[in-house]
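I'd like to ask some things about the structure below.
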Amino acid sequence: MPISVPGTSSRRGFTPPHKCGFTLVELLVVLLVMGLAAGLIGTLARPGERALLRVEAERLAQLLDLAAVESRLTGKPIAWTADGARYQFWRWRDDAGWIEARDGPLRTRDLPPGMAVSGLRIEAMQPPGGLRLEFGAHGSLAYDFQMSLGQARYSIDASPIGEIRIHEPQ
């Protein structure tokens, strides 16, 4: 008398039918849902004009502070120039004059498309010759200028004691 376990077949090599994967339609639906979710997350995670401008204004303020500190520590002047869509730092060399800073944190930087720097005032006066600041070994400058992107605007103000403040203009 043959003994068998319930649910098994006495025929060798027979396996009961069960689902062994996903259909193509199921895979396409999952990929579509994942693509929609990734697109939505990308749209929500992309910063708006105001947030992007704030990040760039903070970066520039920190770089200007770094230039002022480096100038005081080395005793050599450092200049900053902007031409609307980009800005550069320059170091003074006694043998060659103003040399562009090409590497390190004070390298030339391009602003994101549509962003601009404008309205520089030094000691509450418009400087001749455009957007140019020169940091010397003795003391700090009081200056202010604006950065804009679309409708978003920020002002960067530096006091004579070296404090830099970023704020929305009134």
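What tally of residues in the stretch 131-149 results from selecting those that are under 25 Å from the mean Cα position of the chain (by Cα) and either over 22 Å from residue 110 (Cα atoms) or in a loop (DSSP other than H, G, I, E, B) (or both)?
Of the residues in that region, 0 qualify.
Further question: Filter the stretch 153-163 for residues that are modelled with pLDDT of 90 or more and over 22 Å from the mean Cα position of the chain (by Cα) and give the result.
If the condition is that a residue be modelled with pLDDT of 90 or more and over 22 Å from the mean Cα position of the chain (by Cα), then 159, 163 are the ones that fit.
Restricting to the stretch 89-106, what's the tally of residues that are basic (Lys, Arg) and part of a strand (DSSP E or B)?
Here the count works out to 2.
Looking at the structure I just gave you, is residue 150 loosely packed, with under 15 Cβ neighbours inside 10 Å and either modelled with pLDDT of 95 or more or touching a Gly at 6+ places or on another chain (Cβ under 7 Å) (or both)?
yes
So, one more: Given (1) over 19 Å from residue 155 (Cα atoms); (2) over 22 Å from the mean Cα position of the chain (by Cα); (3) surrounded by 15 or more Cβ atoms within 10 Å (Cβ to Cβ), identify the lone condition not met by residue 89.
That leaves (2) as the condition not met.
The values are calculated or read from the model by the stated rules, or taken from the named source; none is laboratory data. Since the model is a prediction, treat every value here as computed from it, not as a measurement. Every residue, glycine as well, gets a Cβ built from its backbone with ideal geometry; the counts of neighbours run over all protein chains shown.
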